[in-house]
Amino acid sequence: MQISDGFELSVDRHVATLRINRPDKRNAMSAAMWRALPGLLVPLAGDPGVRVLVLTGAGGTFCSGADISEIAGLSDAGDDTGLTVAAERALATFPKPVIAMIEGFCVGGGCQLALACDLRLAADDARFGITPAKLGIVYPLSSTRRLVDLVGPSAAKLLLYSADLIDAGRALRTGLVDEVHASAELSGRVYGLARTLAGRSQLTLAATKEIVDGRADEARVRRWQKESREEVAEGVAAFLERRPPRFTWSP
């Protein structure tokens, strides 16, 4: 179902799919789409029926970046308070696992979105590029740090300096993506993984995301651990009884 111009949303077995749907523009993100994305995530974050989010694109392309015809309207061409950074931040702080399913081009702002997801799984014919140097744009601080955290300083500089497109194999070797699969197998792997995550303890996943992302201090971790007692009891009982656990915690 279409929920906003440029996006479609569906939910199946606790897995939500948010699809960038502007195939005539290779899913280039308009200013209106960047502006809308944070608000689209709010109800999904609070919905106990949604445990995992898959972000993908229509028509065999993930996202070719920001719509160049509107680039002057994106106030964060070098500004960490603008539209693209707000959308990136909303994805990065979404309280549930987010998987980017990447086909075709993942370029510029498309990479910015993908890097804000927790996991990135790509088709073997996907192409990646971070291209601000072609436009004279200073890449946002948060986006640059996220890139460096994933691929390291030298690989980040090469991607940003050159603005060249790289193939999925090289993206995997540099750490830009987590897995690469044949195009025909990608969806099955992504949704198989998503369903696996949906069956795990949602408390564990939420706590892990906060801790790994550096948003939880020692006091917060202790609160998570205290809150996990019922989950642990169920997990241990399920193990001893050789049955799937029935975890009940939800945010």
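General observations
- Residues of the range 8-38 that turn out to be touching a strand residue (DSSP E or B) at 6+ places or on another chain (Cβ under 9 Å) and either free of Cβ contacts under 8 Å to residues at least 12 places away in the same chain or assigned to a loop (DSSP other than H, G, I, E, B) (or both), as a count: 8
- The range 89-117, residues that are assigned to a helix (DSSP H, G or I) and either modelled with pLDDT under 95 or among the aromatic types (Phe, Trp, Tyr) (or both): 109
- Failed item, numbered, when residue 240 is tested on (1) modelled with pLDDT under 95; (2) of a type outside the set (D, E, K, R); (3) in a helix (DSSP H, G or I): (1)
- Matching helices (runs of 4 or more DSSP H) fully within the range 168-213 where at least 2 residues are assigned by TED's automatic domain parsing to the domain that holds residue 142 and hydrophobic (A, V, I, L, M, F, W, C): 168-174, 183-198
- On the stretch given as the range 1-30, residues that are surrounded by fewer than 19 Cβ atoms within 10 Å (Cβ to Cβ) and of a type in the set (A, V, I, L, M) total 4.
- Of all residues in the range 113-151, those that are crowded, with 20+ Cβ neighbours inside 10 Å and within 17 Å of residue 53 (Cα to Cα) total 9.
- Qualifying residue in the range 202-216 (condition: over 30 Å from residue 17 (Cβ atoms) and either surrounded by fewer than 16 Cβ atoms within 10 Å (Cβ to Cβ) or over 27 Å from the mean Cα position of the chain (by Cα) (or both)): no
The values are calculated or read from the model by the stated rules, or taken from the named source; none is laboratory data. A quick note: this is a predicted structure, and the numbers were derived from the prediction, not measured. All Cβ positions, glycine included, derive from the backbone under ideal geometry; neighbour counts span all protein chains shown.
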